[in-house]
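J.: Below is the structure I would like to discuss, written out as structure tokens.
The values are calculated or read from the model by the stated rules, or taken from the named source; none is laboratory data. The structure displayed is predicted, hence computed values, not measured ones. Cβ: placed from backbone, ideal geometry, glycine included. Neighbour counts: every protein chain shown.
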Amino acid sequence: MVLSLPRDPEPNHGLYKISRSTNPGGISRLVSIVPVDILVRSVHLFPSFGAIVPASRTSSNVLEECTTFFVNPFTDPQLYSKFV
């Protein structure tokens with residue numbers, strides 16, 4: 001399984017925007033169980049909140065509440081080199 005990134009980063013900040021996959025009706029998420037032994041690395045995600053961060057968003061629920069995130073390539077020099 002490979003994280004599919006857009007061709008170009010967002011122009012304002014240079015981060016790549018990703019969204020979770022859903023079924024054709026957009027009602028439920030498409031998910032799969034990924035064996036740990038095939039993971040290569042983790043990535044740091046920034047939630048895409050919009051203009052205002054809702055007070056209900058916490059570190060405990062942000063992965064469930066947000067549907068769009070930005071991949072942060074600046075946290076790891078090896079990861080950064082893959083993006084440039």
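J.: Restricted to the range 24-48, and to residues that are in contact with a strand residue (DSSP E or B) (Cβ under 8 Å, 6 or more places away or on another chain) and not in a strand (DSSP E or B), which residue is nearest to HIS13 (Cα to Cα)?
T.: The selected residue is SER48.
J.: Could you tell me whether GLY50 is closer than 13 Å to PHE69 by Cα, among the small types (Gly, Ala, Ser) and more than 11 Å from the chain's Cα centre (by Cα)? It would help to see each step written out before you state the result.
T.: On the way: closer than 13 Å to PHE69 by Cα: yes; among the small types (Gly, Ala, Ser): yes; more than 11 Å from the chain's Cα centre (by Cα): yes.
Yes, satisfied.
J.: How many residues, within the range 34-63, are exposed (fewer than 10 other Cβ atoms within 10 Å of the Cβ) and at pLDDT below 85?
T.: 6
J.: Would you check if PRO73 is of a type outside the set (Ser, Thr, Tyr) and modelled with pLDDT under 85?
T.: Judged against the criteria, PRO73 is a match.
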